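Q: Quick one: structure below, then a few questions.
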Amino acid sequence: MRRARALAAAAAALVLLLAGCSGDGGDSGGRITLRFQSLAWQQESVAANKELVAEWNARHPDVRVEYVQGSWTSVHDQLLTSFEGGEAPDVIHDASDDLADFAYGGYLADLGKLLPRRLRADIPRASWDTTTFGGKVYGVPFLQEPRVLIANARWLKESGVRIPTPDKPWSWPEFRSVTRELGAGKGKYGVAWPLKEPVSATLNLSLSAGGELFHRRPDGKAEIRFEDADAVVPRTVHDQVNVDGSASGATLGMGGSDTLPGFFGGKYAMVPLGFSYRQQIVQQAPKGFDWQVLPAPAGADGLAQGVSPQTLSVAEDSPHKKEAAAFVDFFLRPANMVRLARGDWMLPTGEEALKDPALRTEKNDWATGTALARHLRPAPAQSVRGYPEWSDKVATPALQEYYSGAIGLDELRKRLVEDGNLVLRRYQR
Amino acid sequence: MTSRTKGAARAGQYLALLAYLVFLVFPFLWLLSTSFKPARELADLHPTWIPEDPTLANYRQAFDEQPLLRAAGNSLIAALSAAAIAVVIATPMAYVMARHRTLLARAATGWVVVSQAFPFVLVIIPLFLVLKNLHLINSLPGLIMVYVVWALPFALWMLVGYVRAVPVELEEAAAVDGAGRLRTLVSVTAPLLAPGIGATALFAFITAWNEFFFALVLLKTPEKQTLPVVLTHFIGAEGVADLGPLAAAAFLATLPSLVVFALIQKRITGGMLAGAVKS
């Protein structure tokens with residue numbers, strides 16, 4: 001009997017517990033509440049986001065914004081489920097290369113007429129192109145980062161090589177010869193390419209040489225062509241690793257952060273990384289470690305490179321699209337964009353924000369990055385349907401094998417083009 | 001075999017066991033070590049086991065940046081509730097399936113096995129819609145319901161094995177002695193099943209404690225989020241991570257599982273053996 005009573009008590013306690021933690025809160029008396037899911041994750045960036053939300057709430061008592069911290073991990077699946085269930089946040093932070101599926105699926109609002117002229121004019125056309133699908137604007141691109149070379153400054157100075165600047169960058173052949181000169185053998189390399197995910201790095205940098213890989217046919221369908229310009233970057237990396245021995249083969253399977261211990265330990269003179277990696281370098285570099293940011297090499301198209309900016313979108317299901325767009329406008333005013341950019345160690349897309357002295361300082365080489373902003377273009381494949389499958393199943397293994405020396409350029413071309421077009425055709429029937 | 005070769009064989013066995021233990025415990029100890037390292041040591045080309053300049057800064061930052069205690073509380077409620085409910089539901093079902101080998105019971109067992117093959121992504125949207133209609137999105141009861149459903153097939157499968165390991169002759173003997181059906185189940189079968197129930201509860205607890213994707217999708221407000229979801233807030237785009245605070249938070253997140261495991265470890269060992277042998 002005692003046991004039965006204990007079981008009954010436990011069951012009752014459980015029911016009470018469940019009842020106690022149910023419930024959603026709900027909306028507050030007559031006011032509009034917008035949910036803003038942010039993917040900011042670095043301490044300074046989260047602080048900047050929260051401050052801006054608090055400022056908005058203080059100024060707009062009738063339209064309250066609720067800050068929800070999201071996660072870059074599985075964000076696509078999480079948003080897709082929320083859209084399907086009609087429970088998506090009103091204002092959505094994401095990356096432009098994730099938007100195409102949502103835009104074509106009808107989950108995002110067209111912001112074309114909701115945004116004020118100020119914001120539309122402040123962001124360059126090339127950035128808007130990353131969020132425009134079928135003539136409609138599905139997100140506001142607000143933060144972006146170029147890929148740069150982060151270099152061991154002392155090593156470079158002592159070697160006597162020419163130090164490149166945004167005005168006089170290295171050409172790709174010059175870059176190769178510099179890394180040959182810097183590589184001293186015995187475990188010391190001129191460059192370490194962290195190419196765990198080789199596709200976006202290769203495609204984005206290839207724009208500098210005029211390589212686009214994805215081309216639109218007159219009927220609007222995309223097709224893959226691997227031309228001479230597309231081969232410049234892959235061949236440089238391949239030859240650095242397999243011909244000159246000036247690049248470490250061991251880092252090909254690494255992510256950017258994985259190469260930092262070797263970089264700090266003097267194994268590599270340079271590492272191509274995103275501009276925001278400066279934050280990790282400032283935090284983690286040994287005392288006295290002298291580093292600097294150099295522009296990525298330039299090709300026939302100069303310093304052009306592809307980026308997928310971070311974006312803010314409004315859910316199509318949101319009943320308060322106008323208010324959500326007004327919040328986005330407030331959030332992305334030039335001064336606020338500067339705060340967000342500094343918090344994330346990235347570049348703002350807005351031209352007014354880019355003029356801010358805080359982003360043109362020599363400290364931590366902000367000025368070098370800012371000088372690259374006008375060369376940034378939409379990542380070549382982000383609006384191509386079928387790109388994720390092509391990237392995962394065709395391009396990633398093909399590039400990994402090519403970079404490691406397992407296959408040659410002809411085989412790489414064959415796989416990227418023939419296998420790739422088969423994938424794209426399935427999506428474009 | 002001489003006593004010398006016996007000794008050498010025994011030493012070899014211990015060495016192999018030691019190597020296996022080192023292999024098992026390595027990630028945990030590395031996590032612990034990482035959690036006390038300052039940022040500069042984390043990027044050292046020659047990392048050391050013992051931090052040279054140990055710091056609590058990672059723990060401080062982890063607690064400052066994220067509501068870890070609240071998230072741990074949510075995880076604990078979800079995992080304990082899911083484990084308790086799963087066991088309460090699965091035990092009688094397992095008994096019926098083990099003792100009455102009908103076509104229906106066999107079909108149910110087959111379905112249990114098949115249901116384990118469904119990926120999360122396949123079920124999440126219909127599940128989301130069902131929970132939405134029940135007004136259980138963004139609520140721990142909704143999440144607990146999902147965890148119970150998710151843990152139930154395997155729990156059932158485990159418990160069927162344990163029930164079959166209890167000799168049916170014991171129940172028959174109790175009946176001969178005049179015990180009723182309920183009395184037999186409560187006084188004879190249940191105590192023998194206790195280790196199996198403990199093992200099953202632990203399995204359900206750990207499954208729910210570690211689960212990430214359902215919690216990410218179903219819980220919308222920060223107040224409701226569970227620990228695995230909050231841990232991902234230390235990870236940025238393309239997998240870049242704030243390694244020190246992440247290690248500190250992840251180390252803390254492993255502790256409850258270890259505590260629960262330590263508490264019922266003896267019962268589990270007994271349960272595993274009981275389930276392993278068919279009478």
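Q: Pairs needed: first member in the stretch A:40-58, farther than 23 Å from A:Ala326 by Cβ; second member anywhere, open to solvent by less than 20 Å² (accessible area, probe 1.4 Å) and assigned to a helix (DSSP H, G or I); C-beta distance under 6 Å; at least 6 residues apart or different chains.
A: That search, which allows pairs on different chains as well, returns A:Trp41/B:His233; A:Glu44/A:Gly343.
Q: Separate question: If you go through the stretch B:12-49, how many residues are among the aliphatic types (A, V, I, L, M), farther than 19 Å from B:Val240 by Cβ and either within 28 Å of the chain's Cα centre (by Cα) or surrounded by fewer than 10 Cβ atoms within 10 Å (Cβ to Cβ) (or both)?
A: Summing the residues that are among the aliphatic types (A, V, I, L, M), farther than 19 Å from B:Val240 by Cβ and either within 28 Å of the chain's Cα centre (by Cα) or surrounded by fewer than 10 Cβ atoms within 10 Å (Cβ to Cβ) (or both) in the stretch B:12-49 gives 10.
Q: Test each condition in (1) crowded, with 17+ Cβ neighbours inside 10 Å; (2) at pLDDT below 95 for A:Glu389 and report the one that comes out false.
A: Among (1) crowded, with 17+ Cβ neighbours inside 10 Å; (2) at pLDDT below 95, the lone unmet condition for A:Glu389 is (1).
Q: Could I ask something else about it? Against the definition (open to solvent by 10 Å² or more (accessible area, probe 1.4 Å), within 14 Å of another protein chain (Cβ to nearest Cβ), in contact (Cβ under 8 Å) with a residue 60 or more places away in the chain and of a type outside the set (A, V, I, L, M)), how does B:Phe120 come out, yes or no?
A: Here the answer is yes, as B:Phe120 does meet what is asked.
Q: Give me the residue from the stretch B:214-239 that is touching a strand residue (DSSP E or B) at 6+ places or on another chain (Cβ under 7 Å) and modelled with pLDDT of 90 or more and, out of that set, farthest from B:Pro119 (Cα to Cα).
A: Of everything passing the filter in the stretch B:214-239, B:Phe234 is farthest from B:Pro119 (Cα to Cα).
Q: I'd like the full set of residues that are at positive phi and either touching a His at 6+ places or on another chain (Cβ under 9 Å) or of a type in the set (Gly, Ala, Ser) (or both), limited to the stretch B:230-260. Give the derivation first.
A: Residues of the stretch B:230-260 at positive phi: B:238-239.
Selection gives B:Gly239 alone.
Q: Then there's this: Where in the stretch A:116-168 are there helices (runs of 4 or more DSSP H), lying fully within it, with 1 or more residues that are touching a residue at least 60 places away in the same chain (Cβ under 8 Å) and over 21 Å from the mean Cα position of the chain (by Cα)?
A: On the way: elements: A:117-122, A:125-128, A:153-159.
So the answer is A:117-122, A:153-159.
Q: OK, next. Within the stretch A:261-280, how many residues are within 13 Å of A:Ala151 (Cα to Cα) and either at pLDDT below 95 or not hydrophobic (A, V, I, L, M, F, W, C) (or both)? Spell out how you get there, then give the answer.
A: Looking only at the stretch A:261-280, we keep the residues that are within 13 Å of A:Ala151 (Cα to Cα), and these are A:262-275, A:277-278.
Filter once more, keeping what is either at pLDDT below 95 or not hydrophobic (A, V, I, L, M, F, W, C) (or both): A:262, A:265-268, A:272, A:274, A:277-278.
So the count comes out to 9.
Q: I need a count of the residues in the stretch B:85-94 that are surrounded by fewer than 20 Cβ atoms within 10 Å (Cβ to Cβ) and either in contact (Cβ under 8 Å) with a residue 40 or more places away in the chain or under 14 Å from the mean Cα position of the chain (by Cα) (or both). I'd like the intermediate steps shown before the answer.
A: First, pick out the residues of the stretch B:85-94 that are surrounded by fewer than 20 Cβ atoms within 10 Å (Cβ to Cβ): B:88-89, B:92-93.
Restricting the remaining residues to those that are either in contact (Cβ under 8 Å) with a residue 40 or more places away in the chain or under 14 Å from the mean Cα position of the chain (by Cα) (or both) gives B:89, B:93.
Final tally of qualifying residues: 2.
Q: Moving on to the next point. Just a yes or no: is a residue in the stretch B:127-135 among the β-branched types (Val, Ile, Thr), more than 8 Å from chain A (Cβ to nearest Cβ) and within 24 Å of B:Leu218 (Cα to Cα)? If you could, list the steps in order and put the result at the bottom.
A: Taking the stretch B:127-135 as the starting set, the residues that turn out to be among the β-branched types (Val, Ile, Thr) are B:130.
With more than 8 Å from chain A (Cβ to nearest Cβ) added as a condition, the list becomes B:130.
Filter once more, keeping what is within 24 Å of B:Leu218 (Cα to Cα): B:130.
The answer is yes; a qualifying residue exists.
Q: Turning to a different aspect of this structure: Which residues, counting only those in the stretch B:232-268, are open to solvent by 30 Å² or more (accessible area, probe 1.4 Å) and not in a helix (DSSP H, G or I)?
A: The answer is B:Ile235, and nothing else.
Q: For the stretch A:207-316, please list each of the strands (runs of 3 or more DSSP E) lying entirely inside it that holds at least 1 residues being free of Cβ contacts under 8 Å to residues at least 40 places away in the same chain and open to solvent by 10 Å² or more (accessible area, probe 1.4 Å). Steps first, answer last, please.
A: Details: elements: A:214-216, A:222-224, A:268-274, A:291-295, A:305-307, A:310-314.
Of the strands (runs of 3 or more DSSP E) lying wholly inside the stretch A:207-316, those with at least 1 residues that are free of Cβ contacts under 8 Å to residues at least 40 places away in the same chain and open to solvent by 10 Å² or more (accessible area, probe 1.4 Å) span A:214-216.
Q: For the stretch A:269-290: of the residues being away from every other protein chain (no Cβ under 11 Å) and touching a strand residue (DSSP E or B) at 6+ places or on another chain (Cβ under 6 Å), which is farthest from A:Glu158 (Cα to Cα)?
A: A:Phe275
Q: Can you name the condition, by its number, that A:Pro194 falls short on among (1) part of a loop (DSSP other than H, G, I, E, B); (2) away from every other protein chain (no Cβ under 11 Å); (3) at pLDDT 95 or above; (4) out of contact with any Asp or Glu (no Cβ under 6 Å at 6 or more places or on another chain)?
A: Of everything listed in (1) part of a loop (DSSP other than H, G, I, E, B); (2) away from every other protein chain (no Cβ under 11 Å); (3) at pLDDT 95 or above; (4) out of contact with any Asp or Glu (no Cβ under 6 Å at 6 or more places or on another chain), A:Pro194 misses just condition (2).
Q: Also, quick follow-up: Could you tell me whether the stretch A:77-88 includes any residue that is within 26 Å of A:Thr349 (Cα to Cα) and more than 10 Å from chain B (Cβ to nearest Cβ)? Steps first, please.
A: Residues of the stretch A:77-88 that are within 26 Å of A:Thr349 (Cα to Cα), as a first pass: A:79, A:88.
Then keep just the ones that are more than 10 Å from chain B (Cβ to nearest Cβ); that gives none.
No, that holds for no residue.
Q: Go through the stretch A:401-429 residue by residue and tally those that are open to solvent by 40 Å² or more (accessible area, probe 1.4 Å) and under 23 Å from A:His215 (Cα atoms).
A: 12
Q: To continue, here is another question. Of the conditions (1) crowded, with 18+ Cβ neighbours inside 10 Å; (2) without any contact (Cβ under 8 Å) to a residue 40 or more places away in the chain, A:Pro61 clears all except one; give me its number.
A: It fails just one condition, (1).
Q: I would also like to ask the following. Identify the residue in the stretch A:100-125 that is under 24 Å from A:Ser200 (Cβ atoms) and in contact with a helix residue (DSSP H, G or I) (Cβ under 6 Å, 6 or more places away or on another chain) and, among all such residues, is surrounded by the fewest Cβ atoms within 10 Å (Cβ to Cβ).
A: First pass over the stretch A:100-125, keeping only residues under 24 Å from A:Ser200 (Cβ atoms): A:100-105, A:107-108, A:123-125.
Pick out the ones that are also in contact with a helix residue (DSSP H, G or I) (Cβ under 6 Å, 6 or more places away or on another chain) and you get A:107-108.
On the way: A:Tyr107: 21, A:Leu108: 28.
Across the stretch A:100-125, the extreme among qualifying residues is A:Tyr107.
Q: Right, here's the next one. If B:Pro67 passes every condition in (1) open to solvent by 40 Å² or more (accessible area, probe 1.4 Å); (2) of a type outside the set (S, T, N, Q); (3) away from every other protein chain (no Cβ under 12 Å) but one, which one does it miss?
A: Condition (3) is where B:Pro67 drops out.
Q: Can you tell me how many residues in the stretch B:20-64 are assigned to a helix (DSSP H, G or I) and touching a residue at least 24 places away in the same chain (Cβ under 8 Å)? Show your work before the answer.
A: First, the residues of the stretch B:20-64 that are assigned to a helix (DSSP H, G or I): B:20-35, B:39-42, B:57-64.
Then keep just the ones that are touching a residue at least 24 places away in the same chain (Cβ under 8 Å); that gives B:28, B:31-32, B:34-35, B:39, B:42, B:57-59, B:61-62.
Number of matching residues: 12.
Q: Considering only the stretch A:119-171, state which residues are basic (Lys, Arg) and under 17 Å from A:Leu332 (Cα atoms). Write out each step before concluding.
A: Narrowing the stretch A:119-171 to residues basic (Lys, Arg): A:120, A:125, A:136, A:147, A:154, A:157, A:162, A:168.
Scanning the stretch A:119-171 gives A:Arg120, A:Arg125.
Q: Counting just the residues of the stretch B:187-225 that are β-branched (Val, Ile, Thr) and within 12 Å of chain A (Cβ to nearest Cβ), which one comes out farthest from the chain's Cα centre (by Cα)? Walk me through how you get there before you give the answer.
A: Here is the first cut: in the stretch B:187-225, the ones β-branched (Val, Ile, Thr) are B:188-189, B:197, B:200, B:206-207, B:217, B:221.
Add one more test, that the residue is within 12 Å of chain A (Cβ to nearest Cβ), and what stays is B:217, B:221.
Details: B:Val217: 20, B:Thr221: 25 Å.
Among those that are β-branched (Val, Ile, Thr) and within 12 Å of chain A (Cβ to nearest Cβ), it is B:Thr221.
Q: Just one of A:Ala373, A:Ala381, A:Ala341 is in a loop (DSSP other than H, G, I, E, B), under 18 Å from A:Pro146 (Cα atoms) and in contact (Cβ under 8 Å) with a residue 40 or more places away in the chain; which is it?
A: Details: A:Ala373 fails: in a loop (DSSP other than H, G, I, E, B); A:Ala341 fails: in a loop (DSSP other than H, G, I, E, B).
Result of the check over A:Ala373, A:Ala381, A:Ala341: A:Ala381.
Q: How about the stretch A:120-139: which of its residues are in contact with a strand residue (DSSP E or B) (Cβ under 7 Å, 6 or more places away or on another chain) and farther than 15 Å from A:Lys321 by Cβ? Break it down into steps so the answer makes sense when it comes.
A: Within the stretch A:120-139, the subset in contact with a strand residue (DSSP E or B) (Cβ under 7 Å, 6 or more places away or on another chain) is A:123, A:126-131, A:138-139.
Within the stretch A:120-139, A:Ile123, A:Ala126, A:Ser127, A:Trp128, A:Asp129, A:Thr130, A:Thr131 meet the criteria.
The values are calculated or read from the model by the stated rules, or taken from the named source; none is laboratory data. None of the values given here were measured: they were computed from a predicted structure. So basically every Cβ, Gly included, is an ideal-geometry build from the backbone, and we count neighbours across all protein chains shown. Accessible surface areas use protein heavy atoms only, side chains included; no ligands, DNA or RNA. Shrake-Rupley method; radii C 1.70, N 1.55, O 1.52, S 1.80 Å.
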